[in-house]
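Have a look at this one before I ask anything.
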Amino acid sequence: MPVKNDLKNFTFDTAVIGAGPAGLSAAVRARFVKSRGAFPMSAVVFECSEAAGGLANFGGTKITGPSFHLERGELTARLMKDVKLFDIPIIKDRIVKIKKAADGSHFLLSAAGGGIYRARSVIIASGMRPLSNEIRFFGNGVEITYMGYDFINKMISGFIGDAARNDKKFIIYGNKYSLNLINFVISAVNCLKTDFDKMSPLFLIDADEKELKNDKIIKKYPFLFSFGKIVKFYGGGRLEKIAVESLDGVRFEKTDRVLIDYNSFELAPEFGVKIYPGSDIFDKTGFVKISAAGATKIKGVFAAGDITGPYYSVSRAVAAGITAAFSAYEYVMRLKKRPGDYSLFAYKARNFTPGIEYREIDIDSSRDETPVLAKPAKIKKILRAKFPDAPATLMNKLMVYFIQYKILARKDFEEISKLLNISFIELNDLVSFLIDEKLLGIE
Ligand SMILES: Cc1cc2nc3c(=O)[nH]c(=O)nc-3n(C[C@H](O)[C@H](O)[C@H](O)COP(=O)(O)OP(=O)(O)OC[C@H]3O[C@@H](n4cnc5c(N)ncnc54)[C@H](O)[C@@H]3O)c2cc1C
């Protein structure tokens, strides 16, 4: 991979927008290949927020699947371990523009901070649009309806109990599609035999009051409803108040708990990235449309995770990130005219030692892809520049490796990395670079 301050002068094989579960999995998968004859792929990730992990870092997120269970932050920590292992740079900036180069060989990604980066493929994993700044308060006064009605039932009973006992102000925020939830909450309140007066108004509805005035439930419990749109959440650590905008202007309401009926809001992503040449990669609601392989309408642009629409879950985002990475890999390898069937297979990152298992350039001798040396003098010059302290005898020894038949065999890799005192990953990058520069070829 390029040195840290040289990221703008390097054409990455893939650029991933967003370091949530989809983006991190995509980057790690794209970089990690373990199949015979597969080539390594360089990857870079852009993340506009303070930390990697996306929404999976917030609230009570639990990642569950058949026979596994990870707590909030655990998955991010594991993925970040791999990000480090594979030396994947994460650039803290917001991508605002993606433009395909005139010759179609790569994309130019412009960041809000002014940088322009190059990549042969792009994986969009930017998640979905929040309503306002609620993400900061997830788990600290803001909850959302994400987890199905069983969970909501328990949560609401708890909140209503708290509110009734401690005079805490609990607000349920929804819109005209929230009537199901509202009915559900009212029956929960009735079951709890709680005094409605204590918690009025309980519902804050982002809708035209007149439009809903004939609704049965609103007619029966008018005191439970107020109207307006939350434009900002405030608080030190925990939520303290909200700013609500309505036809009468902006008002502030003290509250220490808001349950947002996310399911009722159209949380289509507000994708703040311009794409040139313009191609409609979005569906009607603003989500990115993809094929089963994670491909968008633009060749070389892939997408994964919440940006592609429901169902929203970490496991789904991870799986989609991996799928998009496979597709980006295949696209880039075809673009670079690499030999092979481009098939990769899954791996287990735990206890993974690159020196033993990282064998993506291990060309099977039974194949008829014979690595050949194109320009020895130039290779020597590059090696000298990269390893200025290496004695001439070592250089000569290295050149013997680089000009022999089957230069890319695994044992050569072991020898060369030992001689140069560099890791397999670094050596893979060097060989990839030589192939990119058409100094080392494979026929
Ligand atoms: C409160 C809450 C609880 C949840 N609980 C669960 C749960 O228990 N189990 C579960 O499986 N799922 C849960 N989910 C859903 C799950 O978190 C999401 O489905 C998942 O995080 C989606 O991953 P993603 O990578 O697609 O997007 P995100 O996690 O949203 O990550 C997208 C990243 O992209 C970055 N980004 C956006 N635009 C740009 C740009 N232009 N340039 C650079 N970076 C950009 C963002 O800052 C963000 O870090 C929960 C969600 C929430 C909000």
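Please enumerate the residues belonging to the range 111-121 that are within 11 Å of the ligand (Cβ to nearest atom) and in contact (Cβ under 8 Å) with a residue 40 or more places away in the chain.
Narrowing the range 111-121 to residues within 11 Å of the ligand (Cβ to nearest atom): 111-113.
Listed by number, the residues that qualify are Ala111, Ala112.
Can you pull out every residue in the range 218-244 that is free of Cβ contacts under 8 Å to residues at least 24 places away in the same chain, assigned to a strand (DSSP E or B) and farther than 26 Å from Ile186 by Cβ?
The answer is Tyr234, Ala243.
Quick test of your reading of the structure: Thr255 fulfils all but one of (1) modelled with pLDDT under 95; (2) under 21 Å from the mean Cα position of the chain (by Cα). Name the failing condition by number.
(2)
In addition: Anything in the range 309-329 that is over 14 Å from Val28 (Cα atoms), within 8 Å of the ligand (Cβ to nearest atom) and small (Gly, Ala, Ser)? List them, or say none.
Result: Ser313, Ser315.
Something else: Considering only residues that are among the basic types (Lys, Arg) and either near the ligand (Cβ under 9 Å from one of its atoms) or touching a His at 6+ places or on another chain (Cβ under 9 Å) (or both), which ones fall in the range 40-91?
Of all residues in the range 40-91, those among the basic types (Lys, Arg) come to 62, 72, 78, 81, 84.
Lys62, Arg72, listed by residue number.
Filter the range 92-110 down to the residues that are open to solvent by 60 Å² or more (accessible area, probe 1.4 Å) and either within 10 Å of the ligand (Cβ to nearest atom) or outside the structural domain of Ala43 (by TED's automatic domain parsing) (or both) and list them by number.
Lys92, Arg94, Lys97
Restricting the search to the range 291-318, which residues are buried (at least 17 other Cβ atoms within 10 Å of the Cβ) and assigned to a helix (DSSP H, G or I)?
The answer is Gly305, Asp306, Ile307, Thr308, Val314, Arg316, Ala317, Val318.
The values are calculated or read from the model by the stated rules, or taken from the named source; none is laboratory data. In this text, all values refer to a predicted model and were calculated from it rather than measured experimentally. Please note: Cβ atoms are built from the backbone with ideal geometry, for glycine as well, and neighbour counts cover all protein chains shown. When the accessible area is computed, the model is the full protein with side chains, heavy atoms only, and any ligands, DNA or RNA have been set aside. Shrake-Rupley method; radii C 1.70, N 1.55, O 1.52, S 1.80 Å.
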